[in-house]
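Read the figures in this text as sums done on the coordinates, not as results from a lab. The structure presented is a predicted model; accordingly, all values stated were derived computationally and were not measured. Cβ placement follows ideal geometry from the backbone for every residue including glycine, while neighbour counts extend to all protein chains displayed.
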Amino acid sequence: MGAAIHYPHLTIDEDGTARIEQTRYKVIHLAGEHHHYGWSAEEILRQHPDLRPAQVHAALTYFYDHRDQMVEQMQAEAETAEAARAGQRLTRSELIGRRVAGDR
């Protein structure tokens, strides 16, 4: 029987989504910036000045504790977005025609 791990500055939603408490940030978004862009905690703080160092470090700790699952989730979300994007290929003239017609 394992003990539940508590992450200061983070909350876990009913659906299992980790968030930085009292903010709009999901941990996976900050983890993606770290994982894909190579941003350090200091760079994340520079890009998100509304966060405190303890919050960013808690998010990165959570990411490394759940790295494999979070990377798989990032890849799945990227594949879903790419599939949606591939199904919506419009030419420039079609986009202009929609705009002119008022169909957005």
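The number of residues in region 1-24 being closer than 10 Å to Gln55 by Cβ, assigned to a loop (DSSP other than H, G, I, E, B) and within 14 Å of the chain's Cα centre (by Cα) comes to 1. Taking region 93-104, which residues are of a type in the set (Val, Ile, Thr) and surrounded by 10 or more Cβ atoms within 10 Å (Cβ to Cβ)? Of everything in region 93-104, just one residue is of a type in the set (Val, Ile, Thr) and surrounded by 10 or more Cβ atoms within 10 Å (Cβ to Cβ), namely Ile96. Here region 15-72 is the region considered, the condition is being of a type in the set (S, T, N, Q) and surrounded by fewer than 17 Cβ atoms within 10 Å (Cβ to Cβ), and the residue that is farthest from Ile5 (Cα to Cα) is Gln47.
Return a yes/no flag: does region 25-40 have any residue that is more than 15 Å from the chain's Cα centre (by Cα) and part of a loop (DSSP other than H, G, I, E, B). Yes: one or more hits. Set side by side, the residues Ile12, Ile20, Ile5 differ, and just one is β-branched (Val, Ile, Thr) and in contact (Cβ under 8 Å) with a residue 40 or more places away in the chain, which is Ile5. Here the condition is being aliphatic (A, V, I, L, M) and surrounded by 12 or more Cβ atoms within 10 Å (Cβ to Cβ); of Leu10, Leu90, it holds for Leu10 alone. Taken over region 31-51, the criterion of being in contact (Cβ under 8 Å) with a residue 12 or more places away in the chain and of a type outside the set (Val, Ile, Thr) is satisfied by Ala31, Gly32, Glu33, His34, His35, His36, Ala41, Gln47, His48, Asp50, Leu51.
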